[in-house]
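Participant: Structure in C-alpha cells, see below.
The values are calculated or read from the model by the stated rules, or taken from the named source; none is laboratory data. Just so it is clear, the model here is predicted, and its values are computed rather than measured. Cβ: placed from backbone, ideal geometry, glycine included. Neighbour counts: every protein chain shown. For accessibility, only protein heavy atoms count, side chains too; no ligands or nucleic acids. Shrake-Rupley method; radii C 1.70, N 1.55, O 1.52, S 1.80 Å.
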Amino acid sequence: MSPVFPMLTVLSMFYYMCLRRRARTATRGEMNSRRAIESNTRALPINVEIVQYAKEVLDFSSHYGSENSMSYTMWNLADIPNVYPSSGDFTQTAVFRTYGTWWDRCPSARLPFKRTPPTFCSQDYVELAFEEPVYPTAVHILETYHPGAVVRILACSANPYSQNPPAEVRWEILWSEAPTKVNGPQARQFTPCIKQINFPTNLIRLEVNSSLLDYYTELDAVVLHGVKERPVLSLKTSMIDMNDIDEDEDEEKYGCGMDTLNKQFSIVTLREWPTNGYFDKLPYELIQLILSHLTVPDLCRLAQTCKLLYQHCCDPLQYIHLSLQPYWARINDTSLEYLQSRCTLIQWLNLSWTGNRGAISVSGFSRFLKVCGSELVRLELSCGHFLNETCLEVITEMCPNLQELNLSSCDKIPPQAFNHIAKVGSLKRLILYRTKVEQTALLSILNFCSELQHLSLGSCVMIEDYDLIASMMGAKCKKLRSLDLWRCKNITESGIAELASGCQLLEELDLGWCPTLQSSTGCFINLARKLPNLQKLFLTANRSVCDTDIEELAANCTRLRQLDILGTRMVSPASLRKLLESCKDLSLLDVSFCSQIDNRVVLELNANFPNVFIKKSFTQ
C-alpha cells in the first residue's frame, strides 16, 4: 500500500472530528452556509473585537446596600470601573448580602435540600445587559476586595433590548468552577477561559458562592469582549480530543436548554428487558433508599432502563423534597406538567430563580400547585419574577399545611398581593427580603400568623412605621426566634422596647443600618437585659454603640455567637475584652471601621482569643 493512504486516512479522521465538533456548536443548516467565505469580502473583518462594559444591571438576588442609594449595590456594576485597580472596602462597588458560613450557623439557618447536584454551588447572582450582542471571546471581572466568589458565568440568547422576545430563551454556561479561596483580599482582574457558544449575546449572568471568603466580596465592573460574526474553528485555539466523537458529552455537561430536561421528564417508552436483573431480589424500600441519592435528571435517565426502575423513579416518595433551583435555566411550564404525577406527596419544593422571562406562566404554576400543593410544608420562591397576586392567592388556597414561605427578592409582586399570606395561619417562617410588602398587609400577617418563628423584613422600604410593626410583633408573635430588620428606616427605641418585652425567645436580631436607633436612649441596654438568649446581634453601621452597650451584652447575653458593630466610634478595646471573656461561644466579631480598634488591638485580641474570627476591614 502506498504510504499516502495512511496519511489520507489520518487526515480524513481529523477532518471528521473537526466537522463533528463544529456540528455540535452550530445551528442546523449552518454547516452549509457561506459565512466563512462571504466574510472575506466584508469591509469589517470578522476578528475585530468589541470591548464593552455593562450598560445596565437587570436582575440580582441580593445586595448589601439600600434600595434607595448606590452604596454597596449591584447597580454599581453598570458602566466603567469606579475603584479598580485600588483594593479595599469601597461603597462604589457591588456587594452581595452574605459571606462565609456564618449565615449557616445561626438560628435562622434553613436545612439544605437533598439531591442538589455537586456541580451546583451558586448562592447569589447578578444579570448584566450590554449594548451590542456579540459572540463572547472573553469576560473580565474586576474584583476589588476579597476575590474568588464567582463560580459560574452564563450567556443568554435573549436580547433584553429587542422588541420581539424569542420563542425560546437559551442559557449557556461559559465557565464554571467550584468556589476557591484566594490568598489575600487584594484587587484582581479575573479572566477565566470561556467556552465558545453558537449565538450572540448581550446578557451575561454571574453566579457567586462566598462561603470560603473571610469577608464580603466586592465587584467593580464586568468587561465583555466579543466579535459580531461567529468565529470559525481555529486549529490553534484548541486541541482535538478523541472524546469529541461522543456527541452528547457537551450537551450533558453544559446544556442549559429546556428541551434536555423536559425530554427526560416525558420519556415513557421503555426497553424490553427479559428480567430486571438482581433488582428483583432487593426489598422495595432498599431500592428507594439507593435511588434517593440520585439527582433529578439522573432519576429521569434511570427510569428509561427497565420497568421496575421506572416504577421506582416515578414513585412520589422519591419527590418528597424537590429542589429545581439547580436547573433554573431549564424549568418551564412543560417541566412542571411532567412532574405533576410524581409530586403528589411533595412537602419541600424549591423553585427559586426559576420561571423568569416567561418560562413559567401564572397558569402553569397554578396548575402545578392545585395538584401538588396539599402536602407542601416548605416553598422556596426566591427571585421568582413570574409571581403575581394570583399566584399568592393560589398558594394560600392550595397549600393549607404551609409552614415556610420564601419570597426573597420577588420585587415584582404588587403590594396588595401580600394580604393573602395572612390566610396561612400555620406559617412558621416568612422571608420578605426586598419585597414591596406594605404596612397594612404586614400587620394583617402578624395578626393572623401567630406561630411565626423566623421573619425577614430586610430592605422592605414600603413600610412606613416600623414601631407599629414591632409593637404588633411583641403582642402577637411570642414564638419569634429570629428577626431581620436590616435597613429598616424608621424603627426607634419605642419599637425596640415593645419587641424586647414581647418576643423574649429571640435568638437572632439584625438591626444593621437602622439609622434611627441611638444608644443614648438605652435601647441596646434594654435589648441586652430582656433578650438573654441572643446568639446573633447585628448593629452594623450604628455609630452610637458604646462601651456600656457592650458591657451589658457581656453581662446578660453569654450565649452570643455573632456580633457586628461595624462603624462604631465609641467602643474601646477594654469593653471588647470583657465581651470575649464572658461570651465563650463567640465566633464572629466584626469591628471594621471602629475608630478605637486598630490593627494592633485586633492582633492582640486574636492572640488571646484564637477561636473568635475578629474582622477588621480597611480602605486604601
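Participant: Looking at the chain, send over the antiparallel percent of its DSSP beta bridges, to the nearest 5.
Facilitator: Approximately 55 percent, going by the DSSP bridge assignments.
Participant: Counting only protein heavy atoms and using a 1.4 Å probe, what share of the accessible area of the range 144-203 belongs to carbon plus sulfur, as a whole percent?
Facilitator: 49 percent
Participant: Which FRET efficiency value, to the nearest 0.05, is calculated for GLN311 and GLN504 with the Förster distance at 56 angstrom and r the Cβ-Cβ distance?
Facilitator: With R0 = 56 Å, the Cβ-Cβ based efficiency is 0.60.
Participant: With all protein chains present and a 1.4 Å probe, how do ARG367, ARG230 order by accessible area, largest first?
Facilitator: ARG367, ARG230
Participant: If you don't mind, another one. Grab the other residues whose beta carbon is less than 13 angstrom from that of CYS523, score K and R as +1, D and E as -1, and report the net.
Facilitator: Taking every Cβ under 13 Å from that of CYS523, the sum is -3.
Participant: Would you calculate a helix-derived [θ] at 222 nm for the chain, using -39,500 (n - 2.57) for each DSSP H run of n ≥ 4 and dividing by the full residue count, to the nearest 500?
Facilitator: About -7500 deg cm²/dmol.
Participant: Between Rg and the Kirkwood Rh of the range 49-227, both from Cα atoms, what is the Rg to Rh ratio?
Facilitator: 0.96
Participant: Still on this structure, please answer the following. Near LYS281, which lysines are there with a Cα under 22 Å away, not counting those fewer than 8 places off in the same chain?
Facilitator: Straight-line reach from LYS281, under 22 Å: LYS307.
Participant: Residues with beta-carbon under 9 Å from that of SER592, excluding SER592: net charge, scoring Lys, Arg +1 and Asp, Glu -1?
Facilitator: -1
Participant: Sort 53-59, 92-98 by the packing proxy (mean of other Cβ within 10 Å over each peptide's residues), most packed first.
Facilitator: Result, highest mean Cβ count within 10 Å first: 92-98, 53-59.
Participant: When the Kirkwood radius is taken over all Cα pairs of the range 267-397, what Stokes-Einstein diffusion coefficient follows at 20 °C and 1.002 mPa s, in µm²/s?
Facilitator: Rounded, D is 136 µm²/s.
Participant: With the crude spin-label approximation of a point 7 Å out along Cα→Cβ, what separation in nm comes out for LYS281 versus LYS578?
Facilitator: Modelled inter-label distance: 7.2 nm.
Participant: Of LYS423/LYS478; LYS370/LYS428; LYS181/LYS436, which pairs sit farther than 28 Å apart, going by alpha carbon to alpha carbon?
Facilitator: Check vs 28 Å cut-off fails for LYS181/LYS436.
Participant: Counting heavy atoms of the protein chains only and a 1.4 Å probe, report the per residue accessible area for the chain as a whole number of Å².
Facilitator: 44 Å²
Participant: Count charges around ALA54 for me, please; just the other residues with Cβ under 10 Å from its Cβ, Lys/Arg as +1, Asp/Glu as -1.
Facilitator: Combined, the nearby Lys, Arg, Asp and Glu give -3.
Participant: More than 24 angstrom separation, counting every C-alpha pair in the range 518-620; what % is that?
Facilitator: 12 percent
Participant: For the range 141-186, state which chymotrypsin sites (Phe, Trp or Tyr not before Pro) are in a DSSP loop and have at most 14 other beta carbons lying within 10 Å of their beta carbon.
Facilitator: Those that pass, being in a loop and sparsely packed, are TYR161.
Participant: Between the range 460-503 and the range 114-135, how many Å separate their Cα centres?
Facilitator: 35 Å
Participant: If you don't mind, there's one more thing I want to ask. Using 7 Å Cα-to-Cβ label points, what is the ALA109/ARG529 separation (nm, one decimal)?
Facilitator: About 3.3 nm separates the two model spin labels.
Participant: Here's another thing I want to ask about it. With only alpha-carbon pairs counted, each pair once and no self-pairs, how large is the Kirkwood hydrodynamic radius of the range 319-463 in angstroms?
Facilitator: 14.9 Å
Participant: Taking Kirkwood radius over Cα pairs in Å as the quantity of interest, determine which of (1) 25.2; (2) 26.3; (3) 27.0 was computed from the displayed structure.
Facilitator: Read-out from the structure maps to (3).
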